[in-house]
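Here is the structure we will look at, set down as structure tokens.
Computed from the coordinates by the stated procedures, all read-outs in this text should not be read as laboratory data. In this text the structure is predicted, and so the values were computed from the model without any measurement. When we count neighbours, we look across all protein chains shown, and the Cβ atoms used for this are built from the backbone with ideal geometry, even at glycine.
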């Protein structure tokens, strides 16, 4: 019988969001934050990342060192170098024995994944930002802030942001 961790993988949500919950505009990130991209890479390397088709389109290719699982309603879609699933449960099942799965967007996938997640890795952009996609509301009383790292950058744009890790209370 496989270890419990394989039967119940840890599901983490990884997102950068503004104070007003904005996560995107026109299928792109509404800010430029190189350290956030490095943070994303460090967390996800060697693991499965589940994303919606629009999020995949915004990235444009499978990212090296990770397995990309794209969730789509299009039953005929195939993407070279990616696994394709037609629901979040199917996508999670496609991750096999990975003990840590990352949900990386977009808004609809985040909403579906929120009840399943045990960890939130949020990059909290410390300003309101215009956008057309938002991270879902969640009950912060159900989560414990496990870590917070305050960062600032001047280039490519002035930005204050916090890397925050939340663990689901048990």
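Annotations
- Against the set [x] 11.5; [y] 10.3; [z] 8.8, the structure's computed mean projected area of the Cα convex hull in nm² falls on [y].
- Residue of 57, 74, 118 that the Gaussian network model of the chain assigns the largest fluctuation, springs spanning Cα pairs under 10 Å: 74
- On Cα atoms only, tilt of 34-44 relative to the major axis of the chain in degrees: 20
- Sequence-separation-based contact order of the chain, relative, with Cα cut under 8 Å and 6+ spacing, percent: 32
- For the pair residue 126 and residue 86, the difference between a 0.36 nm per residue extended length and the Cα-Cα distance amounts to 10.9 nm.
- Gaussian network model of the chain, Cα within-10 Å springs - most flexible of 117, 133, 80: 80
- Over the chain, DSSP H runs of length four or greater, each weighted -39,500 (n - 2.57), average out per residue to a 222 nm ellipticity of -5500 deg cm²/dmol.
- Highest-first arrangement of 11-22, 36-47, where packing means the average Cβ count within 10 Å: 11-22, 36-47
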